[in-house]
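A quick write-up on the structure given underneath.
The values are calculated or read from the model by the stated rules, or taken from the named source; none is laboratory data. These numbers were taken from a predicted model, which means no experiment stands behind them. With ideal geometry, Cβ positions are generated from the backbone for all residues, glycine too; neighbour counts draw on all protein chains shown.
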Ligand code: ATP
Ligand code: ATP
Ligand code: CA
């Protein structure tokens with residue numbers, strides 16, 4: 001479904017979010033104070049606007065209150081990022097997601113009403129560390145402090161066995177959400193579906209259980 005999203009701050013992070021959402025067909029309003037940044041995104045957003053997103057009157061006259069989702073990606077100017085977040089929440093936007101540079105910034109953003117705070121460098125660092133740690137894990141998503149979803153490459157040891165044979169649910173308390181064979185994705189696989197070598201299993205569970213599964217599966 002097409003969403004209307006406002007992206008504030010068109011640095012590396014903001015412009016990347018904007019381009020990706022635009023390519024998915026969403027309607028984006030991209031805002032930055034810097035005309036060059038705004039111009040560079042002209043073909044990647046429905047509306048591009050040169051404006052100061054800490055100026056309440058400008059936000060109002062742009063009709064920002066009608067958007068359902070905002071991404072605030074003003075990284076280095078803490079004051080602007082906090083002020084903009086506060087105003088977007090006051091205007092009544094249901095979802096305001098904000099990029100933070102560190103923990104202190106993150107805490108302030110939560111206090112002024114940010115619905116989600118992202119620390120891209122920190123989060124990407126954690127993901128990369130998991131890829132380095134295990135060459136069987138090809139992707140990794142945190143659900144909470146304790147739970148994750150991983151993409152695990154099936155080893156020879158797991159090959160030609162069904163999910164029942166592998167006993168992942170009982171032995172590891174993890175759930176196989178999907179099995180990928182190249183471009184073919186089997187979602188919600190049945191217990192008698194066969195796993196072949198180099199299939200990718202998408203598995204959800206407690207981090208400790210996933211770690212055990214990964215060690216056992218190697
Ligand atoms: P990157 O994603 O490249 O790491 P960053 O987090 O380092 O970016 P900055 O470069 O500080 O962030 O800012 C991102 C963008 O936000 C810049 O293009 C800047 O012009 C814009 N910006 C800063 N203040 C405002 C504001 N008040 N209103 C709109 N845009 C702003
Ligand atoms: P961030 O991940 O916070 O966005 P960054 O990409 O902005 O980081 P910098 O802060 O410029 O990168 O540099 C990252 C680190 O690399 C710094 O701690 C810096 O001291 C270190 N560094 C820079 N040059 C060298 C060098 N020649 N040898 C070793 N370390 C270096
Ligand atoms: Ca930066």
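Out of the residues in region 47-80 that are within 15 Å of residue 16 (Cα to Cα) and modelled with pLDDT of 95 or more, state the one that is farthest from ligand 3 (Cβ to nearest atom). For region 47-80, the residue satisfying everything is 48. The single condition among (1) away from ligand 1 (no atom under 16 Å from the Cβ); (2) in a helix (DSSP H, G or I); (3) within 29 Å of residue 30 (Cα to Cα) that residue 113 does not meet is (2).
Candidates are the residues of region 86-103 that are surrounded by 18 or more Cβ atoms within 10 Å (Cβ to Cβ) and over 19 Å from the mean Cα position of the chain (by Cα); the one that is farthest from ligand 3 (Cβ to nearest atom) is 93. Screening region 1-37 for residues that are farther than 18 Å from residue 118 by Cα and within 9 Å of ligand 1 (Cβ to nearest atom) and picking the one that is surrounded by the most Cβ atoms within 10 Å (Cβ to Cβ) gives 31. For region 153-196, residues that are within 21 Å of residue 133 (Cα to Cα), at pLDDT below 90 and in contact with a helix residue (DSSP H, G or I) (Cβ under 7 Å, 6 or more places away or on another chain) total 3.
Taking residue 106, is it within 16 Å of ligand 3 (Cβ to nearest atom), farther than 25 Å from residue 211 by Cβ and out of contact with any helix residue (DSSP H, G or I) (no Cβ under 6 Å at 6 or more places or on another chain)?
Values: within 16 Å of ligand 3 (Cβ to nearest atom): yes; farther than 25 Å from residue 211 by Cβ: yes; out of contact with any helix residue (DSSP H, G or I) (no Cβ under 6 Å at 6 or more places or on another chain): yes.
Spelling it out, residue 106 is indeed within 16 Å of ligand 3 (Cβ to nearest atom), farther than 25 Å from residue 211 by Cβ and out of contact with any helix residue (DSSP H, G or I) (no Cβ under 6 Å at 6 or more places or on another chain).
Before we move on, is residue 201 within 21 Å of residue 133 (Cβ to Cβ) and either at pLDDT 90 or above or in a strand (DSSP E or B) (or both)? Before you say what the answer is, go through the steps one by one.
Numbers: within 21 Å of residue 133 (Cβ to Cβ): yes; either at pLDDT 90 or above or in a strand (DSSP E or B) (or both): yes.
Yes: the conditions hold for residue 201.
Taken as a whole, the structure leaves residue 49 outside the set of residues that are within 23 Å of residue 94 (Cβ to Cβ), within 16 Å of the chain's Cα centre (by Cα), surrounded by 15 or more Cβ atoms within 10 Å (Cβ to Cβ) and away from ligand 2 (no atom under 16 Å from the Cβ). Evaluation of residue 76 against the conditions (1) more than 22 Å from the chain's Cα centre (by Cα); (2) within 16 Å of ligand 2 (Cβ to nearest atom) shows that the sole unmet condition is (1).
Looking at region 116-171, what strands (runs of 3 or more DSSP E) fall wholly within it and have at least 1 residues that are surrounded by 14 or more Cβ atoms within 10 Å (Cβ to Cβ), in contact (Cβ under 8 Å) with a residue 12 or more places away in the chain and within 16 Å of ligand 3 (Cβ to nearest atom)? Even if it seems obvious, please write down each step before you answer.
Working: elements: 116-118, 137-142, 147-153.
Fully inside region 116-171 and qualifying: 116-118.
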